[in-house]
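Please read the structure below before turning to the comments.
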Amino acid sequence: MFGSKTRALQQRAQNVVPLGVNSNFRFWGDGITPYVEKGKGSYLWDVDGKKYIDYRMAFGPIILGHAFDEVDQKVMEEIQNGVLFAMTGELEVQVAEMIIEMSPAVDMVRFACSGTESTMHAIRVARAYTGRDIILKFEGNYHGMHDHALWSTYAPSEAYGNRRSPIPVPGSSGIPKSMREFIITLPFNDFEGFERVMRSYGEQIAAVITEPCQGNCAAINPQEGFLELIRKKTEEYGCVFILDEVKTGFRIANGGAQEYYRINPDLVTYAKALGNGYPAAAFGGKREIMSIIGHGVAQGGTYTNNKPGIAGAYATLSLLKSKPILKTIEQRGQRLMDGLRDIFEENDIPAAFSGYPSMFSFSLGVDAVTCQREWQRSDRELYLKLVEKAIEKGIMPDHDAREPWFLCYSHSDADIDETLNVYAEIVKEVKQ
Ligand SMILES: Cc1ncc(COP(=O)(O)O)c(C=O)c1O
């Protein structure tokens, strides 16, 4: 799939970093893992110099485009004056004000450096606020690498047990067995199961954490009323509702899923699109809850207000606020989704589309998916066959069918046309 320089770099990298990558998700296999040289706008070039239309967008952060001039200029301007002081500056206060202005559910924020840190801090705050330990999460959602929520992110359906009494599956060796005491898992969109668990354990649950859609499992949408049910029941039992907007924040609407679904969670987590690729992350929410930070509740980090991240966030949010950027992405993404849907229809391949135009997925061989257990019945072999053919032709979605296609402001109508032409051709090829 890739050229000789790519394969050589993989071999060299494997000598010095496990799997030859610095995040397990980037490993696609021996000889079939991409190694990147550079990016600009909607394109990336691998180390063999081959150009691709990029639909991975670094797993979501790139909302404007790679090497986006206005963002990079602001970062370069700011870093002339130092990048880290372990003191607070005006720019980060401005970015906090911008996040609060754009996010309906956020009264106060604290910065972090990654989505993992944001959800870890939010969980700590929720536990401190409620004086409870248990976290309820949904199968197929991913909230980062810490032990508190790296459960049931991905496992064969059989390992999850019966829907009525799901078995939490650790996402890694090395997670202490005792952590299982503190986690309850459920299939996404399981209204009845959720009500039942809340009846039994609601008073012991510190937080219910969910992605608004399953951004780490084919962008499966919440069914109508599901997020509202979470809001209602968490309120009833005094649990904190944490909405993990690491993928949806500053992407599906300026005010994220809070705005899109008119939902009012207690805490929200951000990263990814906040900084167009610079390391910016944040968590925030209701003043009453956030105010306990610093009063017996620890939160901090040397790099939380790193200047490249904060400057990247300032420039990105300024652009989102001043131009109809997400609307433009939505229009192009809709055209891509519609075009792909037509191609699968014309070739009699059932395809269940999910997500939003700026971050969508299609699951092949099925008509609808509402949770990861159902998604596992989709034809992932066919999906992969198409991805590999698309990559040969210069279109790059992720290798893993769980990962949505991400669009950015730099994707042009010509990029969409090119992608549709390639898919029309390769879908026909695999049908023969
Ligand atoms: C919804 C969600 N939460 C948290 C994270 C963790 O973010 P990070 O990789 O920045 O630690 C991710 C990463 O993909 C995510 O998609």
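Numbers for the structure displayed
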item	result
Segment 265-303 - residue that is part of a helix (DSSP H, G or I) and small (G, A, S) and, of those, nearest to R231 (Cα to Cα)	A273
Subset of segment 129-151 (residues that are polar (S, T, N, Q) and away from the ligand (no atom under 14 Å from the Cβ))	T130
Lone unmet requirement of (1) farther than 30 Å from H411 by Cα; (2) within 16 Å of the ligand (Cβ to nearest atom); (3) in contact with a strand residue (DSSP E or B) (Cβ under 9 Å, 6 or more places away or on another chain); (4) not in a helix (DSSP H, G or I) for V106	(2)
Test set (1) more than 14 Å from the ligand (Cβ to nearest atom); (2) farther than 30 Å from D415 by Cα; (3) in contact with a Phe, Trp or Tyr (Cβ under 6 Å, 6 or more places away or on another chain); (4) of a type outside the set (A, V, I, L, M, F, W, C) - T269 fails condition number	(1)
Test: residue in segment 236-246 that is in contact with a Leu (Cβ under 7 Å, 6 or more places away or on another chain), closer than 25 Å to F59 by Cβ and assigned by TED's automatic domain parsing to the domain that holds A96	yes
Condition broken by K232, with the remaining ones in (1) exposed (fewer than 15 other Cβ atoms within 10 Å of the Cβ); (2) within 13 Å of the ligand (Cβ to nearest atom); (3) not polar (S, T, N, Q) satisfied	(2)
Positions within segment 399-432 being part of a loop (DSSP other than H, G, I, E, B) and more than 23 Å from the chain's Cα centre (by Cα), in sequence order	Q432
Complete set of residues in segment 243-266 that are within 13 Å of the ligand (Cβ to nearest atom) and of a type in the set (D, E, K, R)	D244, E245, K247, R251
Subset of segment 278-292 (residues that are among the aromatic types (F, W, Y) and closer than 9 Å to A313 by Cβ)	Y278
Filter result (out of contact with any Pro (no Cβ under 6 Å at 6 or more places or on another chain) and within 17 Å of Q223 (Cα to Cα)) within segment 341-356	A352, F353, S354, Y356
Close pairs from segment 230-252: first touching a residue at least 12 places away in the same chain (Cβ under 8 Å), partner among the basic types (K, R) and within 13 Å of the ligand (Cβ to nearest atom), Cβ under 8 Å, at least 6 apart	V246/K272; K247/K272; G249/K272; F250/K272; R251/K272
Any chance V240 is away from the ligand (no atom under 15 Å from the Cβ) and in contact with a strand residue (DSSP E or B) (Cβ under 6 Å, 6 or more places away or on another chain)	yes
Of all residues making up segment 61-92, the number that are polar (S, T, N, Q) and closer than 11 Å to K307 by Cβ	2
Close pairs from segment 128-144: first in contact (Cβ under 8 Å) with a residue 40 or more places away in the chain and not assigned by TED's automatic domain parsing to the domain that holds T370, partner within 14 Å of the ligand (Cβ to nearest atom) and among the charged types (D, E, K, R), Cβ under 6 Å, at least 6 apart	N141/E211; H143/D244
Subset tally (residues that are loosely packed, with under 15 Cβ neighbours inside 10 Å and touching a residue at least 24 places away in the same chain (Cβ under 8 Å)) for segment 182-195	2
Residue within segment 154-168 that is among the acidic types (D, E), part of a helix (DSSP H, G or I) and within 16 Å of the ligand (Cβ to nearest atom) present	no
Selection status of G309, modelled with pLDDT of 95 or more, assigned to a helix (DSSP H, G or I) and touching a Pro at 6+ places or on another chain (Cβ under 9 Å)	yes
In segment 49-58, the residues that are farther than 16 Å from G333 by Cα and within 14 Å of the ligand (Cβ to nearest atom)	A58
Where Y278 falls short, out of the listed (1) touching a Phe, Trp or Tyr at 6+ places or on another chain (Cβ under 9 Å); (2) farther than 20 Å from P222 by Cβ; (3) surrounded by 20 or more Cβ atoms within 10 Å (Cβ to Cβ)	(1)
Qualifying position, being crowded, with 18+ Cβ neighbours inside 10 Å, within 16 Å of the ligand (Cβ to nearest atom) and closer than 24 Å to L407 by Cα, among P61, P34	P61
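The values are calculated or read from the model by the stated rules, or taken from the named source; none is laboratory data. As the structure is a prediction and not an experimental result, all values here were calculated from the model. We place every Cβ from the backbone using ideal geometry, glycine too, and count neighbours over all the protein chains shown.
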